[in-house]
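The values are calculated or read from the model by the stated rules, or taken from the named source; none is laboratory data. Predicted, not measured: the structure shown is a model, and the values here were computed from it. Here Cβ is always computed from backbone atoms with ideal geometry, including for glycine, and neighbour counts include all displayed protein chains. Heavy atoms of the whole protein, side chains included, go into the accessibility calculation; ligands, DNA and RNA do not. Shrake-Rupley method; radii C 1.70, N 1.55, O 1.52, S 1.80 Å.
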Amino acid sequence: IDSNFIELAPSTARDRDAYALEVRRLQRLFSEGRVSLFLGAGVSINAGLPDWHSLLGIVTAESGMAREARESVRHLNNLEAASVLGAHMGGEEALKALVCRVLGHAKRHSLQHALLAGLPFQGCVTTNFDELFESAVLGIGGELAVLPAEIGA
């Protein structure tokens, strides 16, 4: 490990020795291929996509829901709001189609996607509807299986 990296410990690292040990532990795990990535919507924000809260606002506005109902949805947590929107739109498939249309404008992955794709990880789980991380992995010559589309294939 570059000693400068340890010296650049964030101010929140109360114990610099413990921080250095944790950095070395993570380095070892990565080098042994024992790390998996878990990615959510936040990783795609730098590619111009909305976070969950903003996405729900856009989808709610485009759902055809009455103004009063839209106001009520704003006060729900994200999962509840998505469930209500899906029911209003006639089912999960209609909601997914609208979400894919809203997210479909992002065609290019961000630097964050590329940096994550370049890590020596064993596996990755993402909850994202976009395929930007997959694009970044393929862009560096990596291989991946997308589930459930490729399950049992």
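Residue separation of LEU147 and ARG67 scaled by 0.36 nm, minus their Cα-Cα distance, works out to 25.1 nm of gained length. Computed from the C-beta positions of ASP17 and ILE45 and an R0 of 30 Å, the FRET efficiency is 0.30 to the nearest 0.05. Over all Cα atoms in the range 52-104, the spread is summed up by Rg and Dmax: 9.8, 28 Å. Compactness check for the range 15-83: Cα Rg over 2.2 N^0.38 Å is 1.81. Per residue, the accessible area of the chain comes to 67 Å² when a 1.4 Å probe rolls over the protein heavy atoms.
The portion of the accessible surface of the chain made up by carbon and sulfur, rounded to a whole percent, is 56 (1.4 Å probe; DNA, RNA and ligands excluded). At R0 = 22 Å, how high is the FRET efficiency between LEU119 and ARG24 if r is their beta carbon distance? Nearest 0.05 is fine. The computed FRET efficiency comes out at 0.85. Between ARG108 and SER36, full extension at 0.36 nm per residue minus the direct alpha carbon distance yields a gain of 23.6 nm. 3J(HN,Hα) along the range 138-143, derived from phi through the Karplus expression 6.51 cos²θ - 1.76 cosθ + 1.60 where θ = phi - 60°, amounts to 5, x, 9, x, x, 10 Hz, with x in place of Gly and Pro. The structure shown yields Cα extents along the principal axes in Å, and of the options [x] 48, 35, 27; [y] 58, 43, 26; [z] 89, 38, 26 that calculated value carries the label [y]. Helix 16-31 and the longest principal axis of the Cα set of the chain meet at an angle near 80°.
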